[in-house]
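Below is one structure, written out as structure tokens, with a few remarks after it.
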Amino acid sequence: MKTAKHKQKGFSLIEVLVSIAIFSVIVGGILLFSIRTIEAHTKTQAMQNALENARFAIEKLNKKIRTSKEINGDDGIVTSLTGSNEVFFVDNVDATKQCFKFENDKLFFDAIDADSDAVNCSHADFNNFEALIGSDDGKIKVSGEFILRQTDSVQNDRGFVRTVVTIKYNDASTMVTEKDSVTIQSGVSLRDY
């Protein structure tokens, strides 16, 4: 009698382990690529939103300053181009006193009634500041300055405010594929002499 010998064919343990390792490397690469893509998209969206808010805030500031008087910085009345982290002015339209200031990585705005005796943003009546640009989670940091010149009727110079806003994305990721900050500027002259 003859017995048939059957050889069993299959994968050895080493072959299975090697294929699992190769599969893990491929899946890990795809996962890392997906995570980086999502991070880049989130960062781009946050910067785009902050830039849009900055443009809106600067336009709002320009409209108000264009029809205002008594522009002051953080150290009182200015007669030449001076840098300041805040701008205080009195609106000619409704005589409200208004303040824009850069503080704690945000740009803030507040307006108070005309009957206040405030002459700068440090006055106690300014207590309802609204954040126009910046994030509460600290990922969008805003800094900037206002370059100011008060109206000088003797020299026939109009008042002037140049606003410089820098928006930075603050993230702990190690991805260095794009610029992490944007700076925008705008200037406006007062209408009155």
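The values are calculated or read from the model by the stated rules, or taken from the named source; none is laboratory data. Bear in mind the structure is a predicted one, so any value in this text is a computation, not a measurement. Cβ coordinates were reconstructed from backbone atoms using ideal geometry, including for glycine residues, and neighbour counts include every protein chain displayed.
With aliphatic (A, V, I, L, M), surrounded by fewer than 19 Cβ atoms within 10 Å (Cβ to Cβ), part of a helix (DSSP H, G or I) and touching a residue at least 60 places away in the same chain (Cβ under 8 Å) as the only criterion, which of ALA46, ALA21, ALA50 stands out?
Of the residues listed, the single one that is aliphatic (A, V, I, L, M), surrounded by fewer than 19 Cβ atoms within 10 Å (Cβ to Cβ), part of a helix (DSSP H, G or I) and touching a residue at least 60 places away in the same chain (Cβ under 8 Å) is ALA46.
What number of residues within region 128-151 satisfy the criterion of being assigned to a loop (DSSP other than H, G, I, E, B) and either at pLDDT 90 or above or of a type outside the set (Gly, Ala, Ser) (or both)?
7
Which of the residues spanning region 88-107 are farther than 26 Å from LYS139 by Cβ, of a type in the set (A, V, I, L, M) and assigned to a strand (DSSP E or B)?
Across region 88-107, the qualifying residue is only VAL90.
Scan region 113-131 and report the pairs whose first residue is under 16 Å from GLU70 (Cα atoms) and whose second residue is surrounded by 14 or more Cβ atoms within 10 Å (Cβ to Cβ) and among the basic types (Lys, Arg), with Cβ atoms within less than 6 Å and a gap of 6+ or a chain change.
Partner pairs satisfying both residue conditions: SER116/LYS97; ALA118/LYS97; CYS121/LYS101.
Suppose the filter is touching a Ser or Thr at 6+ places or on another chain (Cβ under 7 Å), aliphatic (A, V, I, L, M) and assigned to a loop (DSSP other than H, G, I, E, B); does VAL119 pass it?
no
Take region 152-164 and flag every residue that is closer than 17 Å to PHE89 by Cα and assigned to a loop (DSSP other than H, G, I, E, B).
Passing the criteria: ARG158, GLY159.
From the set of residues in region 63-79 that are part of a strand (DSSP E or B) and buried (at least 19 other Cβ atoms within 10 Å of the Cβ), which is modelled with the highest pLDDT?
Of everything passing the filter in region 63-79, SER68 is modelled with the highest pLDDT.
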